[in-house]
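The values are calculated or read from the model by the stated rules, or taken from the named source; none is laboratory data. Predicted model, so just to flag it, every value in this text is computed and none were measured. Virtual Cβ from ideal backbone geometry, glycine too; neighbours counted across all protein chains shown.
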Amino acid sequence: MNQKLSQFLRVFAFTLFCSFGLLSVSADAQFVVLAQATDDCLSARDAQEATMGGQLIPMQQIFAQQGLNPGDVVDRKVCRSNGELYYVLSIYQNGAANTVWINARTGQS
């Protein structure tokens, strides 16, 4: 299967999981607070400038630290919560869809 078709199928499957409420999310209070932050996200250009300015860890380093395959990430944003910037990664891996919040300055999840 070619790479573009594979990526499309991952995005489609992730969207399908979200649409039917099949995406499981943590009920923990921290996640709820972080989830409210998605309205306060940086544009792609602002995120790139923040990375170039040394305010964010580069995405490649986050992938390496977290042991993530870039091909499993179907969506990513940089959002602010409680004064901190986070990478919000939508991941489709091993048949499951998850959202992961990683501190964009420290790399801690």
Original post:
Which of the residues spanning region 55-68 are hydrophobic (A, V, I, L, M, F, W, C) and not in a loop (DSSP other than H, G, I, E, B)?
Top reply: Met59, Ile62, Phe63, Ala64
Subject >> region 59-85 residues that are closer than 14 Å to Ser109 by Cα, paired with ones that are part of a strand (DSSP E or B) and of a type in the set (Lys, Arg) (beta carbon under 8 Å, 6 or more apart) >> reply: Met59/Arg76
Subject >> Breaking point among (1) outside any helix (DSSP H, G or I); (2) at pLDDT below 90, for Gly71 >> reply: (1)
Subject >> Selection within region 44-63 - among the small types (Gly, Ala, Ser) and either surrounded by 12 or more Cβ atoms within 10 Å (Cβ to Cβ) or under 14 Å from the mean Cα position of the chain (by Cα) (or both) >> reply: Ala44, Ala47, Ala50
**OP:** Mind listing whichever residues of region 81-109 are under 8 Å from the mean Cα position of the chain (by Cα) and assigned to a loop (DSSP other than H, G, I, E, B)?
**Re:** none
**OP:** Answer yes or no as to whether Tyr92 is buried (at least 17 other Cβ atoms within 10 Å of the Cβ), touching a Lys or Arg at 6+ places or on another chain (Cβ under 8 Å) and farther than 19 Å from Glu49 by Cα.
**Re:** yes
